[in-house]
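As C-alpha cells, the structure follows; a few thoughts come after it.
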Amino acid sequence: MARRTYKSAEVVRTAAGRQYHIGCAPGDVAPFVLMCGDPARARRCAGKFEKVKVERANREYVTITGTWKGIPVSVMATGMGPDNTEIAVVELAQVASPTLLRIGSCGALQKATPIGSIVVSSGAVRLENTSTWFVPEGYPAVAHPEAALAMLQAASDLKLKHSFGLTATAPGFYGAQARAVPGFPPRVPTLDADLARIGVANFEMEASALFTLATLRGLRAGCACAVFANRPANRFIDAGAKENAEDDVIAVGLRAVEILAAMDRARGKAPRWLPRMGVR
Ligand code: R1P
Ligand code: URA
C-alpha cells in the first residue's frame with residue numbers, strides 16, 4: 001500500500017528518542033501489534049509470548065514486544081476511547097509500519113449474538129469525532145480486508161462462536177452507548193435500537209479511529225471483540241466468563257498474526273494478498 005508523504009513533519013519525542021506518550025523508539029515495536037484498552041489484557045496476552053524483548057509503560061500505554069510461534073509481535077494497551085487510540089496510532093507510525101489488530105471487548109446490539117462470542121468488524125460507524133479532525137464526515141472507517149479475513153479465519157480455526165459485521169464506535173460507554181443510568185439519561189435513548197435496526201453488530205470505543213488513521217497512513221488494521229454485553233437482552237458478562245472471553249479474543253489475535261504472516265509469505269512482492277495465492 002502506498003505511503004503518503006508530508007511537506008513538513010511535527011514529531012513529539014523525548015530526549016531519549018522515545019515517542020512522548022507510548023514511550024517507544026524505533027526497534028521497540030514488531031511488525032504486528034495487538035491492541036486493547038486494558039493494560040491487564042495486554043499483560044495477559046504477553047504472558048503467552050515465548051520471549052519478551054521489550055516492555056514500555058507510560059500512563060495507560062503499555063507495550064510489550066516478544067515472539068509468538070517465532071513471529072515477532074507486540075501487544076499494546078491504549079486505554080479506552082478514540083482519543084487514546086489516535087495517540088497510539090500516530091506515535092506507533094513514527095517508529096514502525098505495523099499491522100494493527102485490535103483485540104477488544106464490546107456490547108452486542110443484536111439479540112441473537114451470544115455473550116462470550118467474538119465479533120469481527122467489517123468496518124465501523126464513526127460516532128466519535130476524533131477521526132473528524134483528520135477526514136470529513138462521509139469518509140468510511142473500514143477494516144483492511146486481509147486483517148478482517150485473518151481474524152475471521154482465526155475465530156473459525158479456534159472453533160469459537162463468531163460473527164462478522166459493522167461496529168459502532170462510540171466516544172463514551174454510557175451516554176454515547178445509550179445506557180440509561182439513574183441521573184444520567186442519554187440524549188438519544190433509542191440509539192442502540194436504531195443501530196440494531198440498520199444491522200450494526202456491536203458497540204465499542206476504538207475501532208473507527210483505528211481504521212480511519214490506519215487507512216490514512218497505509219497500514220493494515222483489523223478488529224475482533226469479545227462480547228461482554230448483550231444490549232437488547234440487558235445482560236452483562238460475569239467475572240468467570242469474562243476471563244474466558246478475554247482469552248478467546250487474545251487467541252484470535254495471535255492466530256490472526258500467524259495467518260497474516262502466512263499470507264505475507266504467499267504474497268511475496270505482490271502488492272496485496274488474493275485468495276488464489278493461498279497461505280504458506
Ligand atoms: C469499555 O469498557 C472499554 O472496553 C472496550 C471499549 O472499546 C472500551 O475501551 O474495549 P477494550 O476491552 O479493548 O478496552
Ligand atoms: N465495551 C463497550 O464499549 N461497550 C460494552 O457494552 C461492552 C464493552
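The values are calculated or read from the model by the stated rules, or taken from the named source; none is laboratory data. Quick caveat, the model's predicted, so the values are computed rather than measured. Note: ideal-geometry Cβ built from the backbone for every residue, glycine included; neighbour counts use all protein chains shown. Side chains included, ligands, DNA and RNA excluded: accessible areas come from the protein's heavy atoms. Shrake-Rupley method; radii C 1.70, N 1.55, O 1.52, S 1.80 Å.
Taking Cβ atoms as reference points and 12 Å as the exclusive limit, the residues near residue 71 contribute a net charge of +1, counting Lys and Arg as +1 and Asp and Glu as -1. Max-minus-min Cα coordinates of the stretch 112-154 on each principal axis give 33, 24, 14 Å, with the largest extent listed first.
Roughly speaking, what is the stretch gain from residue 156 to residue 13, that is 0.36 nm per residue apart minus the C-alpha to C-alpha distance, in nm to one decimal?
Values: separation 143, 0.36 × 143 = 51.48 nm, distance 4.10 nm.
In short, 47.4 nm is gained.
Each of the peptides 60-67, 115-122 was scored by the mean count of other Cβ atoms within 10 Å over its residues; in descending order, highest first, they stand as 115-122, 60-67. Once the Kirkwood radius over Cα pairs is known for the stretch 117-249, the Stokes-Einstein relation at 4 °C and 1.567 mPa s delivers a diffusion coefficient of 84 µm²/s. Each part reduced to its alpha carbon centroid, the stretch 10-40 and the stretch 159-197 end up 30 Å apart. Spatial offset of the stretch 251-271 relative to the stretch 116-140 amounts to 24 Å, using the alpha carbon center of each.
In cubic angstrom, how much convex hull volume per residue do the alpha carbon atoms of the stretch 179-280 span? Write out the running numbers ahead of the final one.
Numbers: hull volume 16.0 nm³, N = 102.
Per residue, the Cα convex hull of the stretch 179-280 comes to 156 Å³.
By the Cβ distance rule (another cysteine Cβ under 4.7 Å), the unpaired cysteines of the chain are 24, 36, 45, 223.
Quick check: with the 1.4 Å probe, what order do 159, 69, 269, 242 take by accessible area, largest first? Provide the component values of the computation, followed by the final result.
Working: 159 175, 69 125, 269 205, 242 70 Å².
Putting 159, 69, 269, 242 in descending order of accessible area: 269, 159, 69, 242.
For the chain, adding -39500 (n - 2.57) for each run of n ≥ 4 DSSP H residues and dividing by the number of residues yields -9500 deg cm²/dmol at 222 nm. If the segment from residue 134 to residue 216 were pulled out straight at 0.36 nm per residue, it would be longer than the present Cα-Cα gap by 28.7 nm.
With a Förster radius of 30 Å applied to the beta-carbon distance between residue 242 and residue 190, the computed FRET efficiency rounds to 0.60.
With the charge dipole of the chain set up from +1 on Lys and Arg Cβ and -1 on Asp and Glu Cβ about the Cα centre, the Cα lying farthest toward the positive end among the listed residues 136, 210, 154 is that of 154. Dividing the C-alpha radius of gyration of the chain by 2.2 N^0.38 Å, with N its residue count, gives 0.96.
Let me check I have the definition right: for the stretch 1-140, take the eigenvalues of the Cα gyration tensor, multiply each by 5, take square roots. What are those semi-axes in whole Å, largest first? Could the numbers behind the result be given before it?
Values: eigenvalues 123, 101, 37 Å².
Rounded to whole Å, the semi-axes are 25, 22, 14.
Around the Cα centre of the chain, unit charges on the Cβ atoms of Lys, Arg, Asp and Glu (plus for the first two, minus for the last two) sum to a dipole of about 760 debye. Per residue, the chain exposes an accessible area of 47 Å² to a 1.4 Å probe, with every protein chain left in place.
Taking only protein heavy atoms and a 1.4 Å probe, the accessible area of the chain is 56% carbon and sulfur.
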